[in-house]
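Report on the structure given below.
The values are calculated or read from the model by the stated rules, or taken from the named source; none is laboratory data. Predicted model, so just to flag it, every value in this text is computed and none were measured. Reconstructed Cβ throughout: ideal geometry from the backbone, glycine too, with neighbour counts over all protein chains shown.
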């Protein structure tokens with residue numbers, strides 16, 4: 001099967017055999033694909049390799065046989081938003097998150113759009129931490145792991161903004177006394193549900209919560225990007241991933 005002019009982003013690339021790259025691509029209509037780019041690591045392939053950088057929107061041609069596709073051609077449709085500094089690190093985190101949590105060949109057009117919109121937000125100077133929490137929430141929803149953020153574990157009792165909760169990934173939010181370790185305010189869970197930025201304390205609580213949720217869905221393992229992002233926690237609250 002040959003596919004032409006498919007919108008795509010490169011999520012990750014690593015050497016493959018002598019002159020090729022093995023790419024992880026997020027495509028609009030075919031989901032995440034493993035794709036071999038042949039002959040791009042030598043001197044003759046330098047121009048083609050430059051097109052395979054992260055965060056650029058591409059139109060790719062490929063043939064699909066079995067698990068791995070073969071890249072037949074690519075062109076840059078949009079060089080994409082310019083990410084630098086913290087936003088660049090956050091973009092790499094997005095890429096690892098998508099690679100680790102999504103299945104190959106699972107078409108997710110809405111995820112493609114959410115990813116593209118998140119890159120634009122990061123480049124525009126939007127608060128990095130809140131931008132990442134929004135993407136994590138949307139990604140989990142799109143792959144079937146939506147978080148119940150507005151009711152308690154019974155699925156009926158509305159969360160109370162002033163109440164404190166312990167969030168269990170398998171069950172949801174249950175009431176706990178204030179200052180309970182890992183507790184989160186109802187107001188912060190509701191902020192994430194309604195797409196309303198919380199305050200600095202709420203962002204910190206949501207970061208801890210989302211790490212716990214992601215770790216659960218990774219079978220207890222962690223993302224490498226968490227270690228890279230760790231030093232950024234000392235910066236201004238609105239910019240902390």
Would you mind stating whether residue 146 is within 30 Å of residue 29 (Cβ to Cβ), touching a strand residue (DSSP E or B) at 6+ places or on another chain (Cβ under 6 Å) and either at pLDDT 95 or above or not assigned by TED's automatic domain parsing to the domain that holds residue 24 (or both)? no
Considering only residues that are surrounded by 15 or more Cβ atoms within 10 Å (Cβ to Cβ) and under 28 Å from residue 126 (Cα atoms), which ones fall in segment 57-83? 57, 58, 59, 80, 81, 83
I'd like the full set of residues that are under 15 Å from residue 167 (Cα atoms) and touching a helix residue (DSSP H, G or I) at 6+ places or on another chain (Cβ under 7 Å), limited to segment 192-202. 192, 202
Out of the residues in segment 84-134 that are part of a loop (DSSP other than H, G, I, E, B) and in contact (Cβ under 8 Å) with a residue 60 or more places away in the chain, state the one that is surrounded by the fewest Cβ atoms within 10 Å (Cβ to Cβ). 103
Within segment 34-50, is even one residue closer than 16 Å to residue 115 by Cβ and touching a strand residue (DSSP E or B) at 6+ places or on another chain (Cβ under 9 Å)? no
Residue 149: part of a helix (DSSP H, G or I) and within 27 Å of residue 87 (Cβ to Cβ), yes or no? no
Looking at segment 158-187, which of the residues that are part of a strand (DSSP E or B) and either within 20 Å of residue 203 (Cβ to Cβ) or not assigned by TED's automatic domain parsing to the domain that holds residue 210 (or both) is farthest from the chain's Cα centre (by Cα)? 164
So how many residues does segment 28-56 have that are touching a helix residue (DSSP H, G or I) at 6+ places or on another chain (Cβ under 7 Å), surrounded by 15 or more Cβ atoms within 10 Å (Cβ to Cβ) and within 21 Å of residue 99 (Cα to Cα)? 4
Scan segment 48-79 for residues that are without any contact (Cβ under 8 Å) to a residue 40 or more places away in the chain and part of a loop (DSSP other than H, G, I, E, B) and jot them down. 51, 66, 67, 79
Would you check which residues across segment 188-200 are over 21 Å from the mean Cα position of the chain (by Cα) and either in a loop (DSSP other than H, G, I, E, B) or not assigned by TED's automatic domain parsing to the domain that holds residue 152 (or both) and list them? 199
